[in-house]
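Here is the structure we will look at, set down as structure tokens.
The values are calculated or read from the model by the stated rules, or taken from the named source; none is laboratory data. Here the structure is a predicted model, which means the values were calculated and not measured. Ideal geometry is used to build each Cβ from the backbone, glycine not excepted, and the neighbour counts take in all protein chains shown.
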Amino acid sequence: MDKTVITVVGKDNVGIIAKVCTYLANNHVNILDISQTITGGFFNMMMVVDSSEATKDITIFSEELKQIGEELGVVIQAQNEKIFNVMHRI
Amino acid sequence: MININEVIETNKMISEMNLDVRTITIGISLLDCVGSTLSEVKENIYAKITTVAKDLVKTGKDIEKEFGIPIVNKRISITPIALVAGNVCKTSDDFVELAKVLDKAAKQVGVNFLGGYSALVSKGMTKADELLIRSIPKAMAETDFVCSSVNVGSTKTGINMDAVKLIGEMIKETAELTKDNDCLGCGKFVVFCNAPDDNPFMAGAFHGVTETDSVINVGVSGPGVVKRAIELVHGENFEVLCETIKKTAFKITRVGQLVAKEASKRLGIPFGIIDLSLAPTPAVGDSVGEILEEIGLEYTGAPGTTAALAMLNDQVKKGGVMASSYVGGLSGAFIPVSEDQRMIDAVNAGALTLEKLEAMTCVCSVGLDMIAIPGKTKAATIAGLIADEMALGMINQKTTAVRIIPAIGKDVGDQVEFGGLLGYAPVMPVNEFSCDDFINRGGRIPAPIHSFKN
């Protein structure tokens, strides 16, 4: 199963997680883990999701999430989890 | 499971420190494109390149989107053309025809460079090799994306001084023919000693004859990431510094390995090697010069520069080697002057000279790279510079190269502007004392004593 990591970085605001979660639910993406932290005054959220049942390809939903981020004034990225695993796990 | 701080670290490397995958290069063997007429060979080559590499750019973009890492260049390397078309090219113009076909194929598949307009003449030149070398000025002037290289020496064979002399003349001519473009043609031509069997890095890229039919190679980069990492250990001793560089190089290279594996899987082409390199770009924060300054030099070129660069290279290789199953190419740090803002600044400040750059090439990957010299420099002097650099490679059993630009109509104090990744370069002074009699001797410098290992 290929997992996807979704990150949201920006100024904290009402309804960011709600909006992202709604989008994911509508596209059959299952959330496995959520964590968040504030670094340097910025809101950082990370979700690990299972997109194997997703109705759209990762390249499409990363584009659409990016747009949602722009509407909310935050940066949203969706990346295949492998890039983090190779860099931080031997 | 991966934690949030690790995710933030990776994404900061990409967004703030210019971490990227510098290139995905497909190596394509053209040995099966030989034919009995020039037009047949032209057709075969065009068909092969546009078939094998047709999905390269799209695949690169897909990987870029999926992993969120920029893949800056998609490129192609091919079997040295002198070997493929030697029997059908009877004149230099025939070779130029082929260069144009290569250019057309590169444009068709959407890559930004195609390397392999090359000849390997470390011991001697065949008629075809010589014709190809003589065609380089015109080929570089009349194509946009074709890169050329010639290997003129090796530790095992010595240095082919006839070829060195001829190439000095050809570099001058290439500069003349492309003078309206700030002599850009010379930025696409590299002369080598000890060229590796297969080299995926432009401008000296070619697909080795010892390689399989087609292969995916990846070049990673990330001077900005290394610089930021060592800022955090500012003032610490060498042990701490080296550990930091190694760990960072490991992380950068793992990303390259991932991209290479994915590209290989999606294109159905075997994975070749990762080239572990700190390749700078003219962007601020993407500079090898900045790393050297952070290590403790006021400017690149100050005493200590060669030692700092030697250490940096070694740590990059040590960290990178563990991260990838196959490492190759040239690997280490690149020091192309025009492509590195802090190197340019060092030249302008008077800290970095041609002679110091030559010393630096003894410990780094390539050689005298992207250096502009006065347009009045004689062909024999250029050949002399090449011979010196080749000798460093031959004696030290390492790859060395020269990519030098005689800036026609310009002199010390002026600058040449190439644009894009090739950047701009201040014209550097060259020692003007003559080496004509040395270059005019002709023949070959024999292989050094330590070549007799067998």
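Being farther than 15 Å from B:Leu267 by Cα and buried (at least 16 other Cβ atoms within 10 Å of the Cβ) is the filter here; which residues of the range B:26-47 pass it?
Going residue by residue through the range B:26-47, those that are farther than 15 Å from B:Leu267 by Cα are B:29-47.
The answer is B:Ser29, B:Leu30, B:Cys33, B:Val34, B:Gly35, B:Leu38, B:Val41, B:Lys42, B:Asn44, B:Ile45, B:Tyr46.
Counting only helices (runs of 4 or more DSSP H) that fall entirely inside the range B:283-360 and contain at least 1 residues that are of a type in the set (Lys, Arg) and more than 25 Å from B:Asn431 (Cα to Cα), the qualifying elements are B:305-323.
If the condition is being more than 19 Å from B:Ala106 (Cβ to Cβ) and not basic (Lys, Arg), then the range B:31-65 contributes B:Leu31, B:Asp32, B:Val34, B:Gly35, B:Ser36, B:Thr37, B:Leu38, B:Ser39, B:Glu40, B:Asp62, B:Ile63, B:Glu64. Within the range B:175-188, the set of residues being of a type outside the set (Gly, Ala, Ser), in a helix (DSSP H, G or I) and touching a Ser or Thr at 6+ places or on another chain (Cβ under 9 Å) comprises B:Leu184, B:Cys186, B:Lys188.
For the range B:1-40, a residue qualifies if it is facing chain A (nearest Cβ under 8 Å) and either touching a strand residue (DSSP E or B) at 6+ places or on another chain (Cβ under 8 Å) or aliphatic (A, V, I, L, M) (or both), and the qualifying residues are B:Met1, B:Ile2, B:Asn3, B:Ile4, B:Asn5, B:Val7, B:Ile8, B:Asn11.
Among the residues making up the range B:1-31, a single one is part of a loop (DSSP other than H, G, I, E, B), among the polar types (S, T, N, Q) and in contact with a helix residue (DSSP H, G or I) (Cβ under 8 Å, 6 or more places away or on another chain): B:Asn18. I'd like to check something: does the range B:32-40 contain any residue that is farther than 28 Å from B:Ile252 by Cβ, under 23 Å from the mean Cα position of the chain (by Cα) and part of a helix (DSSP H, G or I)? Within the range B:32-40, none of the residues are farther than 28 Å from B:Ile252 by Cβ, under 23 Å from the mean Cα position of the chain (by Cα) and part of a helix (DSSP H, G or I). Of everything listed in (1) touching a Phe, Trp or Tyr at 6+ places or on another chain (Cβ under 9 Å); (2) part of a helix (DSSP H, G or I); (3) crowded, with 24+ Cβ neighbours inside 10 Å, the single unmet condition for B:Gly384 is (3). The residue list B:Leu131, B:Leu98, B:Leu166, B:Leu177 contains one member that is at pLDDT 95 or above and either under 24 Å from B:Ala53 (Cβ atoms) or within 14 Å of chain A (Cβ to nearest Cβ) (or both), which is B:Leu98. Look at (1) surrounded by fewer than 20 Cβ atoms within 10 Å (Cβ to Cβ); (2) under 21 Å from the mean Cα position of the chain (by Cα); (3) not basic (Lys, Arg); (4) not in a helix (DSSP H, G or I) and you find that B:Asn151 fails only one, number (1). So, in the range A:66-90, of the ones that are more than 8 Å from every other protein chain (Cβ to nearest Cβ) and among the β-branched types (Val, Ile, Thr), which residue ends up nearest to B:Asp62 (Cα to Cα)? By that ranking, first place goes to A:Ile76.
Okay, residues lined up against (1) surrounded by fewer than 22 Cβ atoms within 10 Å (Cβ to Cβ); (2) within 22 Å of the chain's Cα centre (by Cα); (3) of a type outside the set (Val, Ile, Thr):
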| site | (1), (2), (3) |
| --- | --- |
| B:Asp180 | yes, no, yes |
| B:Cys186 | no, yes, yes |
| B:Ala195 | no, yes, yes |
| B:Met202 | no, yes, yes |
| B:Asn217 | no, yes, yes |
| B:Val226 | no, yes, no |
| B:Glu239 | yes, no, yes |
| B:Lys261 | yes, no, yes |
| B:Pro270 | yes, no, yes |
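The residue of the range B:61-78 that is farthest from the other protein chains (Cβ to nearest Cβ), among those that are of a type in the set (Lys, Arg) and free of Cβ contacts under 8 Å to residues at least 24 places away in the same chain, is B:Lys61.
The residue pairs whose first member lies in the range B:410-431 and is at positive phi, whose second member is in a helix (DSSP H, G or I), and whose beta carbons are closer than 6 Å, counting only pairs six or more residues apart or on different chains, are B:Gly423/B:Ser338; B:Gly423/B:Glu339. Selection of first residues in the range A:2-14 that are touching a residue at least 40 places away in the same chain (Cβ under 8 Å) and facing another protein chain (nearest Cβ under 10 Å) and of second residues that are in a loop (DSSP other than H, G, I, E, B) and not acidic (Asp, Glu), restricted to Cβ pairs under 6 Å at least 6 apart or on distinct chains, gives the following pairs, ordered by first then second residue: A:Thr4/A:Ser51. Number of residues in the range A:41-65 that are more than 10 Å from every other protein chain (Cβ to nearest Cβ) and among the charged types (D, E, K, R): the value is 4.
Criterion applied to B:Gly319, B:Gly375, B:Gly367 was being in contact (Cβ under 8 Å) with a residue 12 or more places away in the chain, in contact with an Asp or Glu (Cβ under 6 Å, 6 or more places away or on another chain) and buried (at least 20 other Cβ atoms within 10 Å of the Cβ), and the one residue passing it is B:Gly367. If I go through the range B:156-167 residue by residue, how many of them are surrounded by 20 or more Cβ atoms within 10 Å (Cβ to Cβ) and either of a type in the set (Gly, Ala, Ser) or farther than 16 Å from B:Ile404 by Cα (or both)? Counting residues in the range B:156-167 that are surrounded by 20 or more Cβ atoms within 10 Å (Cβ to Cβ) and either of a type in the set (Gly, Ala, Ser) or farther than 16 Å from B:Ile404 by Cα (or both) gives 6. Can you find a residue in the range B:41-60 that is within 14 Å of chain A (Cβ to nearest Cβ) and touching a residue at least 60 places away in the same chain (Cβ under 8 Å)? Checked the range B:41-60: at least one residue is within 14 Å of chain A (Cβ to nearest Cβ) and touching a residue at least 60 places away in the same chain (Cβ under 8 Å).
Tally up the residues in the range A:35-63 that are under 22 Å from B:Lys65 (Cα atoms), free of Cβ contacts under 8 Å to residues at least 40 places away in the same chain and aliphatic (A, V, I, L, M), please. Residues that pass the stated criteria total 3.
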